[in-house]
1. In region 24-38, which residue that is among the hydrophobic types (A, V, I, L, M, F, W, C) and under 25 Å from Arg156 (Cβ atoms) is surrounded by the most Cβ atoms within 10 Å (Cβ to Cβ)?
2. Could you check region 99-152 and list, in sequence order, the residues that are closer than 30 Å to Tyr6 by Cα, among the β-branched types (Val, Ile, Thr) and assigned to a loop (DSSP other than H, G, I, E, B)?
3. For Glu147, indicate whether it is more than 30 Å from Thr77 (Cβ to Cβ) and among the acidic types (Asp, Glu).
4. Looking at region 44-54 only, could you name the residues that are part of a strand (DSSP E or B) and free of Cβ contacts under 8 Å to residues at least 40 places away in the same chain?
5. Just to be sure before I move on: is Val21 free of Cβ contacts under 8 Å to residues at least 60 places away in the same chain and either touching an Asp or Glu at 6+ places or on another chain (Cβ under 6 Å) or surrounded by fewer than 18 Cβ atoms within 10 Å (Cβ to Cβ) (or both) in the structure I sent?
6. Can we say Leu57 is in a loop (DSSP other than H, G, I, E, B), in the same structural domain as Val29 (by TED's automatic domain parsing), buried (at least 18 other Cβ atoms within 10 Å of the Cβ) and not small (Gly, Ala, Ser)?
7. Looking at region 4-40 only, could you name the residues that are farther than 17 Å from Leu80 by Cα, among the hydrophobic types (A, V, I, L, M, F, W, C) and assigned to a loop (DSSP other than H, G, I, E, B)?
8. Evaluate the following for Asp41: is it closer than 22 Å to Thr108 by Cα and exposed (fewer than 14 other Cβ atoms within 10 Å of the Cβ)?
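The values are calculated or read from the model by the stated rules, or taken from the named source; none is laboratory data. Only a predicted model underlies this, so the values are computations on that prediction, with no experimental measurement involved. Cβ sites come from the backbone with ideal geometry, for glycine too, and all protein chains shown count toward neighbours.
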Amino acid sequence: MTKGIYLPADELAPLEVRDFVDFMDYQSVVGGLFDVVDLPDLSATVYVNDEGLIIGLPVNPRATYLWWLCVPAARETSFLVGDAVIIGMPDAEGNDTDIPEDLLHALTFEGQFRVEVVVRGDPNWYTNIARYPNYWDAAAWAGTLRERWTEVEHIRVVPREPERHNEPSQDEPDVDVEPFDENDDPQADNPT
């Protein structure tokens, strides 16, 4: 069995962690034959309906944001549609693998998220005080940031784990961020 996530196209529907036995389980979720979309930055693979665009399945915003985050060239030119399955990248023999634990944790975490970047010429990860109410808003912002800030070499969305004493630290104030608005200019008031 392969552990993965069922990602409904309805963005209000909850994600479901599931065990998938074989490709027929993927077909059952996506509603037919499937296309495979690799997300190398996340060490993950997404399965979507092969004919989803042709038969008019709805856009899957969450799967699309993940794809755009990992494959910037696809941003706003292509969309993933219909219900999706997320698992790990295939192993060396081509066998399915479980969704990576860090990605599983991030996608199922209930709390705030932050965006971290590595900029050209510096191997360190950096963030700022901006916090996002869910993974998907952070992923949308990260995609916009990657598109507009040419110095970004790597980008990731990570959960903001609770402080040990349930208090914000002095160097990391608690700041709420409004949901993503594509008309926002990320460099005007939020450089990372």
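1. Only one residue fits best here, namely Val37.
2. Once the filter is applied, which keeps residues that are closer than 30 Å to Tyr6 by Cα, among the β-branched types (Val, Ile, Thr) and assigned to a loop (DSSP other than H, G, I, E, B), region 99-152 yields Ile99, Thr127.
3. no
4. Val48, Asn49
5. Yes, satisfied.
6. Criteria met by Leu57.
7. Val21, the sole residue that qualifies.
8. When the stated conditions are applied, Asp41 passes them.
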